[in-house]
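Okay, structure first, notes after.
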Amino acid sequence: MTARWPIHPRPIPGEALTSWLHRIADGYGITVDDLAFDIGYSLDRDTDLDLAPPEGLIEQLAIQTGVSSDRIHGMSISGYTPWLLDDVEPGPDAFSTYIRQLTVLLPERNRRRRTVSSWRAWVPTAAVRHHRTCPQCVRDSTSPHPYLVVWSLPLMLSCPVHHCWLEHHDGPPGHYYAWRDPSSAPEPQRASLAIRRMDDRTWQALTAGVVDLPRHRIHAGTWFRLLRTVVDELGATMSECGAAQRLTREVWQRAGYPVRAGQAMWRPFEAQTLQRQTRTLEAAAIAMRVLENGHLTGLGRDAALFLPEPDTSLDPGKPLVTTGCPKSLNEALHDAVEDAKQNPDSARQLFNLMTLYRSDDDEHVHRVRNDFVSRSGKWRGSRVGNCRLRRLRFSGEPVTSV
Ligand SMILES: [Zn+2]
């Protein structure tokens, strides 16, 4: 039996796998490569532990540290599939599957179908990969400083703890050599209310598996696709927008940037420069704010999600029921699977979610159905695989109840 590593600091919520391994390795004065070698893994330059760790590594780390494999899995981007992205392996139809299901700013007829080869939602292409971190988190910790896995993605603009802008830095994360001189470290800049609201929702999706919008509680998977849809609509060409360009132009004007963040030729968001990604996310935050406060009306079918909450001042109703500490995405997924093993209705709901955006992909539906059957004999004979897939209905019902 392999003995546990005697030093293994607990991971912080949302921490990247490499961040945690750096902190473990630092306790022994060795590198992450040496640490991985100790449990039988030789990491090469192409291994991206924060994207998709090698097969079996997570289980070995769980044995060495006592931290559950579910929790360790959630420290890499692959741990957020199929909610943040459908698959870490790019697929030929991944772009249209992910982005063309919802519409917010633009009417559906204005959404041009596109095929983007080797595309993954939110994961920047290697050429534009960058490092950002929270300057306040760096100030409040010691080297090697912990960092979050989502900071490697163009998904959030601010730190979920300090609500200040994430700042670009050169070199690998964790040490921030260039910031060691206090005069060269950036001052924390508080993000605007619109950005904080957008990022709070993204953080809720990442950590609790749901997002509370003004009128609706939606599933995390829906939130990530909703946000990516708004990002895509703000990057649509003016000819694509047609008469609806009035709406996107006004959002860009409010953001104070040229339309489409100054992009001339269309590129997917993930292949744009850090500056354009940042400006587009800022415009997305503003778009959501003006939809919510009623200053603009979205022309897309799903814009109703951002309608303001009706005035309930005459009826205070029941107090909100809180559920204590939010679940991690992995815990929420684990609970959903366990519930589905016992409850055919829950199994049907989970099946609907897993196939929601790919109902036309027979191969995908078949694969999910087989996976369901293989996980539990209790699902055999249930109508999980035969239920008709329905689009989400935003009629005031929680999405988790579709
Ligand atoms: Zn911070």
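Ordered by residue, what ³J(HN,Hα) values in Hz, to whole numbers, does segment 233-249 give under the Karplus form 6.51 cos²θ - 1.76 cosθ + 1.60, where θ = phi - 60° and Gly and Pro are x? Calculated HN-Hα couplings, in order: 5, 6, x, 5, 5, 5, 5, 5, 6, x, 5, 6, 4, 3, 5, 5, 4 Hz.
For segment 158-285, the solvent-accessible area with a 1.4 angstrom probe is 40 square angstrom per residue. For segment 158-260, the set of trypsin sites (Lys or Arg not before Pro) satisfying both a DSSP loop assignment and a count of at most 11 other C-beta atoms within 10 Å is given as ARG180.
For segment 107-167, the dipole from Cβ point charges (+1 on Lys and Arg, -1 on Asp and Glu) about the Cα centre works out to 560 debye, to the nearest 20.
Mind putting a number on the dipole of segment 74-213 about its Cα centre? Charges go on the C-beta only, +1 for Lys and Arg and -1 for Asp and Glu, and I need it in Debye to the nearest 20.
Charge dipole, segment 74-213, about its Cα centre: 520 debye, nearest 20.
Under 5 Å between amide hydrogens, built in the peptide plane, is the criterion, and for TRP119 it picks out GLY91 among residues at least 5 positions away or on other chains.
Give the value in nm², to one decimal: projected area of the alpha carbon convex hull of segment 214-255, averaged over all directions.
Details: hull surface 15.3 nm².
So the Cα hull casts an average projection of 3.8 nm².
Residue-wise HN-Hα couplings along segment 275-282, as the Karplus relation 6.51 cos²θ - 1.76 cosθ + 1.60 with θ = phi - 60° gives them from phi, are 4, 5, 4, 4, 5, 5, 5, 5 Hz; Gly and Pro carry x.
Residues whose amide H lies under 5 Å from that of ARG217, counting only those 5 or more places away or on a different chain, are VAL399; hydrogens are built 1.01 Å from N in the peptide plane.
Dimensions of segment 128-201 along the principal axes, based on C-alpha atoms and rounded to the nearest Å, stand at 32, 25, 19, largest first.
Taking the centroid of alpha carbons for each part, segment 61-108 and segment 139-176 are 21 Å apart. Mean projected area of the Cα convex hull of segment 29-142, taken over all directions, amounts to 10.5 nm².
The values are calculated or read from the model by the stated rules, or taken from the named source; none is laboratory data. Just so it is clear, the model here is predicted, and its values are computed rather than measured. We place every Cβ from the backbone using ideal geometry, glycine too, and count neighbours over all the protein chains shown. When the accessible area is computed, the model is the full protein with side chains, heavy atoms only, and any ligands, DNA or RNA have been set aside. Shrake-Rupley method; radii C 1.70, N 1.55, O 1.52, S 1.80 Å.
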